[in-house]
Amino acid sequence: MTGTPCLSCRKPRRAGQYLCRACWFRIPGPARAALGRRDARAMARLRELHNQLAAKVPLDQIQVSP
């Protein structure tokens, strides 16, 4: 699989995904559900994810707004 590197582990991820599959499933369920929601707040939640990844927050502690 080729593509953009995962924002967490730097392994390849598929186009249109925020993280590789392994890292995605390490994020708590409520955060994954919120990140999967496509609404007016979707970009704000994505920024929250990016900020936490940049701050090296462990994946199992990621939280985003509902």
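The values are calculated or read from the model by the stated rules, or taken from the named source; none is laboratory data. What you are looking at is a predicted structure, and each value in this text was computed from that prediction instead of being measured. Here Cβ is always computed from backbone atoms with ideal geometry, including for glycine, and neighbour counts include all displayed protein chains. Ligands, DNA and RNA are excluded from the accessible area calculation, which covers all protein heavy atoms including side chains. Shrake-Rupley method; radii C 1.70, N 1.55, O 1.52, S 1.80 Å.
Take segment 22-64 and flag every residue that is farther than 18 Å from Pro5 by Cβ, surrounded by 12 or more Cβ atoms within 10 Å (Cβ to Cβ) and polar (S, T, N, Q).
Once the filter is applied, which keeps residues that are farther than 18 Å from Pro5 by Cβ, surrounded by 12 or more Cβ atoms within 10 Å (Cβ to Cβ) and polar (S, T, N, Q), segment 22-64 yields only Gln63.
Conditions tested, residue by residue: (1) part of a loop (DSSP other than H, G, I, E, B); (2) touching a Lys or Arg at 6+ places or on another chain (Cβ under 6 Å); (3) among the aliphatic types (A, V, I, L, M).
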site: Ser8; (1), (2), (3): yes, no, no
site: Gln17; (1), (2), (3): yes, no, no
site: Ala34; (1), (2), (3): no, yes, yes
site: Glu48; (1), (2), (3): no, no, no
site: Val57; (1), (2), (3): yes, no, yes
site: Gln63; (1), (2), (3): yes, no, no
site: Pro66; (1), (2), (3): yes, no, no
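Taking Met1 and the conditions (1) of a type outside the set (Gly, Ala, Ser); (2) modelled with pLDDT of 95 or more; (3) touching a strand residue (DSSP E or B) at 6+ places or on another chain (Cβ under 6 Å), which numbered condition does it fall short on, given that it satisfies the others?
(2)
Of all residues in segment 20-58, count the ones that are touching a Cys at 6+ places or on another chain (Cβ under 6 Å) and in contact (Cβ under 8 Å) with a residue 24 or more places away in the chain.
Going through segment 20-58 one residue at a time, the tally reaches 1.
Quick check on Cys6: is it on the phi < 0 side of the Ramachandran plot, modelled with pLDDT under 95 and open to solvent by less than 40 Å² (accessible area, probe 1.4 Å)?
Taking the combined requirement at face value, the residue satisfies it.
For Ala22, are the conditions met, namely being touching a Lys or Arg at 6+ places or on another chain (Cβ under 9 Å), modelled with pLDDT of 95 or more and among the small types (Gly, Ala, Ser)?
yes
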